[in-house]
Structures are given as structure tokens and as C-alpha cells.
Amino acid sequence: MSMQTLLLSIAVLLGLFGLSVYSVMPEIPQDEIACTAEAKICPDGSAVGRTEPNCEFTQCPVPNKDNDTILHYDSGVRGVVLLGPTCPVMRNPPDPDCNDKPYQTDITIAHENSPLQVFVSTQSDSKGLFEVDLPPGAYIIYARGEMTLPSCSQTPAMVETGNYTQVTVACDTGIR
């Protein structure tokens, strides 16, 4: 086989390989939005990013009315962490003592598009309740269980300007 034939064969194989890779690449939907990662510096020195659907900057935090040095948002998440099931057998009629119970635990909240980067941390109280001020955007709420059980779900939350989103975070005891 001559050198020219060998080079031609290699070129044809590379071309076919490139065509096959191109044909299996996923299509990117035209209606997806990707906001730039730039930030706006707020009057208090903090920074806010852009959010979907219009890639506008989120609202800057505003001073708390009671204490001008503490900043907060007029939106966020209010929730409860519940632990269940608490009885091994479902009864008919249901036994009120077997209802899911409040769970006091650590809570972390991350932006949906940065699920491994903690945005804020807090704790649920003895009634399982928690509240966090957040700028508008999509978030994931994580409640910490123990080493194996309870196992707590990742709970999505969409926060809108001027509103507090209500969520229930479920933690599975493993009782069956």
C-alpha cells in the first residue's frame, strides 16, 4: 500500500468518525435561556446575579426596618421538615400517633443551577419549622439526616419577588 493510499484511508476514516460524533450530539433546544454570569454591586456592597426568564438582575437586599445593619429580602422560603413513617403498619382508621413528626435538623439551600454551592444555612426548630429570606430564583433545599437514616429528600423551591414559598421537606425513617 502506498503512502498516499494510507493517508487517504486515514482521512476518510477520520471524516466518518467526525460525522458519526456530530450525528449523536444532542440538540440544544432553541427556547432554553442562558443568563450571563455577570454581577451587579448593590448599595450595601453585596452582589446579585441575573435570573431567568428575562435574565434581569435579582433585587438587592433592603435594610431591615428594626435594625439598619441587618439586610433581608422581601421574599424567601418557609417550610417544615417532617419525619415519617413513624409506625411500621398503616392502620384503618389511621392512628393519629402514627402521623409524620416534626424534625429538628440542619438545612442548607443552594441555587438550582449550583446545587453543590451552599447559598444559605439554617436549622429547623423543634416543630420542624424554618424560614429563610432569599432573592427570587430557583433553589434546592437539603435537610440533613443521620449517617443512614433518616434520609431526607432534596426539595425544589421557586422563589418569586415579594413572596415566601411554602415547602415541606420529607425525611424517611426507613420504618416499613
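Structure notes:
- Cβ-defined net charge surrounding Gly137, 12 Å radius [Lys, Arg +1; Asp, Glu -1]: -3
- For the range 133-147, the Karplus equation 6.51 cos²θ - 1.76 cosθ + 1.60, evaluated at θ = phi - 60°, returns couplings of 7, 9, x, x, x, 9, 10, 10, 9, 10, 10, 8, x, 8, 4 Hz by residue, with Gly and Pro reported as x.
- Neighbourhood net charge (11 Å Cβ-Cβ; Lys/Arg +1, Asp/Glu -1) for Val81: 0
- In this structure the amide hydrogen of Val167, modeled in the peptide plane, comes within under 5 Å of the amide hydrogens of Arg78, Gly79, Val80, none closer than 5 places in sequence on its chain.
- Between Ile175 and Asn113, full extension at 0.36 nm per residue minus the direct alpha carbon distance yields a gain of 19.0 nm.
- Take the Cα of Glu131, step 7 Å toward its Cβ, do the same at Cys42, and the gap between the two points is 1.8 nm.
- The range 73-172 - share of DSSP beta bridges that are antiparallel (%, nearest 5): 75
- Charge sum, other residues only, whose C-beta stays under 14 Å from Val167's C-beta, Lys/Arg counted +1 and Asp/Glu -1: -2
A short reminder: the numbers here are calculations on the coordinates, not readings from a lab. Fair warning: this is a prediction, and the values are worked out from it, not measured in the lab. Cβ atoms come from the backbone with ideal geometry, glycine included; neighbour counts cover every protein chain shown.
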